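> Before I ask anything, here is the structure I am working with.
Please treat every number below as a calculation from the coordinates, not as lab data. Here the structure is a predicted model, which is why all the values come from computation and not from measurement. Quick reminder, even Gly has a Cβ in these numbers, built from the backbone with ideal geometry, and neighbours come from all protein chains shown.
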Amino acid sequence: MLYNIPIMTTPTVSLSNLRKTFGPVEAVADVSFEVFPAEIFGLLGPNGAGKTTSIRVMLDIFRPDSGDVQIFGGSLNEAAKNRIGYLPEERGLYKDLKLEPTLLYLAQLKGLSSADARARLEQWLKRLDLYDHRHKKVQDLSRGMQQKAQLIATLIHEPDLIVVDEPFSGLDPLNTRLVKQIMEEQRQAGKTIIMSTHQMYQVEALCNRIVLINKGESVLYGDVAQIKHEFSAHAISLSGQGDFESLPGVLDVRQQNGAWHLALMPGVDPQMVFRELAGRDGVRIERFELAEPSLEDIFVTVVQEEQTSAGEQGSDV
């Protein structure tokens, strides 16, 4: 479900023309976006695009080479850091320590008293079905349990800004649903949530706005519904019999619920695809229609278009 953001709301996070290099490697070249209270914002991109580096610069783990970062309307000081919860893709819990004291320690690092930390932790452990495992070492927990424990560490101090990198990693469908419910509760409470994930269907279910980063640059940014509308001529749904693979002008082909879904290259006329199919031996088309593209379609389209453009520019050098 998508939610409108009040026009006059001050952004919780504002990144402008961010750039970060590591020696000769330009990890982030030009990233800009804003995130507002009471929204779940999707930070998307292929592997190595610069998403994690952008997050770490935003959280003051790395210093940018240039650009501006504003958190809660200013620079990130220690008081502001205590208002942030961060779930990294790489788990950061102490594996050889027991779960309960580890989470209590992390909660107190964020400014909670011992009593408050214990009271909140008990509630979270019970809700996430970890209470009976609280005396186990972290390394003895399953992957999904460790992910839920990491989520507790992220949320126990009730942060105003929540940054989660692959929050559904290792979770079964039941726990995935529970984590989605928790994230929606946080949004309803007015919290700002930035979610980085490769699971596009989760982005469609949760996020009202997104930014797509590719090769260190923001290449797509805005409202999910508006973006899907702008790409509405870039997908085809069809059913029938025969070979629907390896079509000119088609970026991606997949089968869903008995129907074929085709993502088209920018500028490709769907009628051209129809004519190509009609001319193939053994192909029978029972239904052929334009479809609303998924975020996965759009992701593939934009990234491959960028790669094609880069290849053409390189060939001219």
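> Rounded to the nearest 20 debye, what is the charge dipole size of segment 13-228 about its Cα centre when +1 sits on each Lys and Arg Cβ and -1 on each Asp and Glu Cβ? Before the final figure, lay out the partial values.
Details: 27 positive and 27 negative charges, 101 e Å.
Rounded to the nearest 20 debye, it is 480 debye.
> Now for a separate question. Between TYR105 and THR10, what length in nm is gained on full extension when 0.36 nm per residue of separation is reduced by their alpha carbon distance?
Details: separation 95, 0.36 × 95 = 34.20 nm, distance 3.29 nm.
Result for the pair: 30.9 nm of gain on full extension.
> Test of understanding: in a Gaussian network model of the chain with alpha carbons linked when under 10 Å, which of LEU104, LEU290, LEU161 would top the mean-square fluctuation ranking?
Highest fluctuation of the listed residues: LEU290.
> Out of residues 5 or more away from PHE62 or on other chains, whose amide H comes under 5 Å of its own, with H placed 1.01 Å from N in the peptide plane?
Excluding prolines and chain starts, which carry no amide H, the hits are VAL57.
> Using 0.36 nm times the number of residues separating GLN188 and ARG63, minus their current alpha carbon distance, what extension gain do you get?
Values: separation 125, 0.36 × 125 = 45.00 nm, distance 3.20 nm.
Gain in length upon complete extension: 41.8 nm.
> Any chance you could give the angle, 0 to 90 degrees and rounded to 10, that helix 295-315 forms with the longest Cα principal axis of the chain?
Helix 295-315 and the main axis of the chain meet at about 70 degrees.
> Tell me which label goes with the value of log10 I(q)/I(0) by the Debye sum over Cα atoms at q = 0.07 Å⁻¹ computed from the coordinates here: (i) -0.30; (ii) -0.25; (iii) -0.34.
So the structure-derived entry is (iii).
> Something else about it: Gap in Å between the Cα centre of segment 108-167 and the Cα centre of segment 27-50?
26
> Right, another one. Nothing charged except the Cβ atoms of Lys and Arg (+1) and of Asp and Glu (-1): what's the magnitude of the dipole of segment 103-172 about its Cα centre? Round to the nearest 20 debye.
On the way: 10 positive and 10 negative charges, 56 e Å.
Dipole magnitude for segment 103-172 comes out near 280 debye.
> Which of LYS20/LYS137; LYS81/LYS148; LYS51/LYS148; LYS136/LYS180; LYS148/LYS228 have a Cα-Cα distance over 30 Å?
Values: LYS20/LYS137 37 Å; LYS81/LYS148 22 Å; LYS51/LYS148 22 Å; LYS136/LYS180 26 Å; LYS148/LYS228 32 Å.
The pairs that break the limit, which is 30 Å between Cα atoms, are LYS20/LYS137; LYS148/LYS228.
> Given the -39500 (n - 2.57) contribution per DSSP H run of 4+ residues, what per-residue ellipticity at 222 nm results for the chain, rounded to the nearest 500 deg cm²/dmol?
Numbers: 10 runs with 110 residues, N = 317.
Counting only the DSSP helices, I get -10500 deg cm²/dmol.
> Connecting C-alpha atoms closer than 10 Å in a GNM of the chain, tell me which of GLY111, GLY74, GLY258 has the biggest fluctuation.
Most flexible of the set in this elastic network: GLY258.
> Can you bin every Cα-Cα distance in segment 232-315 into 10 Å intervals starting at zero and give me the percent of pairs per bin, rounded to whole numbers?
17, 51, 25, 7, 0
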